[in-house]
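Here the structure is laid out as structure tokens; the discussion comes afterwards.
Read-outs throughout are calculated quantities, based only on the coordinates presented, and are distinct from any laboratory measurement. Only a predicted model underlies this, so the values are computations on that prediction, with no experimental measurement involved. Cβ atoms come from the backbone with ideal geometry, glycine included; neighbour counts cover every protein chain shown.
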Amino acid sequence: MTKKFFWNDPYQTSLQTQVSKVDGNDVYLASSIFFAFSGGQESDHGSIAGQAVVTARKEGLELVYTLADDHGLLAGQDVEVCIAWDRRYRIMRLHFAAELVLELFYKSLPGVGKVGAHIAQDKARIDFVWPESIAPLLPAYMQEAQTIIDANLDITCAFEDEATERRYWEIAGFSRVPCGGTHVKRTGELGHIKLKRNNIGRGKERVEIYLAP
């Protein structure tokens with residue numbers, strides 16, 4: 001099982017580790033800081049031993065990194081893993097912004113149900129079941145989220161169950177939420193938030209989340 005150091009320190013940008021297995025273009029590592037797509041959060045961009053990772057995915061509790069055909073890596077080889085920090089940090093901020101907004105929805109919209117989410121570098125989105133336009137409510141949600149952000153509160157992330165890698169984030173006095181993504185340490189790191197409604201069909205709403213550069 002890959003040891004996932006992006007949970008220990010999501011601000012770490014490089015790591016010395018070892019290749020544990022090679023299966024054609026797929027490379028497995030003993031440990032990694034390279035997040036693989038999960039829970040709607042896009043994979044990191046980066047390299048292993050200087051070679052670009054084409055795709056990253058989860059296989060159970062393992063992480064699998066696909067490299068180019070001629071990567072030449074061997075099991076047991078020492079390698080350096082590097083990630084694109086600007087992208088990682090942007091996604092970390094947008095991920096938590098989406099989590100914050102969704103939690104505000106849950107607290108004030110009885111019966112609301114999330115049906116999808118996606119966290120990319122430029123924006124995040126949440127899709128949910130709701131019978132009418134959310135647009136009139138968004139200014140109040142933006143203000144409420146911005147108040148929490150401006151308070152620069154501590155965000156705690158830890159294991160709910162380490163054996164199964166179930167994790168959560170928590171803001172004391174606000175919420176404790178299951179999530180296995182990468183998160184910032186304090187709400188103030190998000191900066192300024194903006195919400196936009198996008199209608200995706202009858203009975204479904206999409207809210208897009210943006211942050212100032």
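For log10 I(q)/I(0) by the Debye sum over Cα atoms at q = 0.11, 0.19 Å⁻¹, the choices are (1) -0.54, -1.51; (2) -0.57, -1.31; (3) -0.51, -1.69; which was calculated from the structure?
Here log10 I(q)/I(0) by the Debye sum over Cα atoms at q = 0.11, 0.19 Å⁻¹ agrees with entry (2).
Which pairs, out of Lys107/Lys185; Lys114/Lys185; Lys114/Lys196; Lys107/Lys194, put more than 27 Å between their alpha-carbon atoms?
Going by Cα-Cα distance, every pair falls inside the 27 Å limit.
Specify which residue in the list His192, Tyr210, Ile171 is farthest towards the positive end of the charge dipole of segment 169-213, using unit charges on the beta carbon of Lys, Arg (+1) and Asp, Glu (-1), about the Cα centre.
Of the candidates, Tyr210 comes out farthest on the positive side.
Quick one: angle between helix 85-108 and the longest Cα principal axis of the chain, in degrees between 0 and 90, rounded to 10, please.
Taking Cα atoms only, the helix is inclined about 40 degrees.
Lysines within cross-link reach of Lys4: Cα-Cα under 17 Å, excluding same-chain residues under 8 positions apart?
Straight-line reach from Lys4, under 17 Å: Lys21, Lys58.
Taking the Cα centre of segment 59-182 as origin, sum charge times position over the Cβ atoms of Lys and Arg (+1) and Asp and Glu (-1), and report the length of that vector in debye to the nearest 20.
About 580 debye.
Please list, ordered by chain and number, the residues whose modelled amide H lies under 5 Å from the amide H of Ser31; skip anything fewer than 5 residues away on the same chain.
For Ser31, the qualifying residues are Lys3, Gln18.
Taking 8 Å as the Cα distance limit and 6 or more residues as the minimum spacing, I'd like the relative contact order of segment 78-213 as a percentage.
28 percent
Any idea what angle helix 138-150 forms with the longest principal axis of the chain, computed on alpha-carbon atoms, 0 to 90 degrees, nearest 10?
Value to nearest ten degrees: 60.
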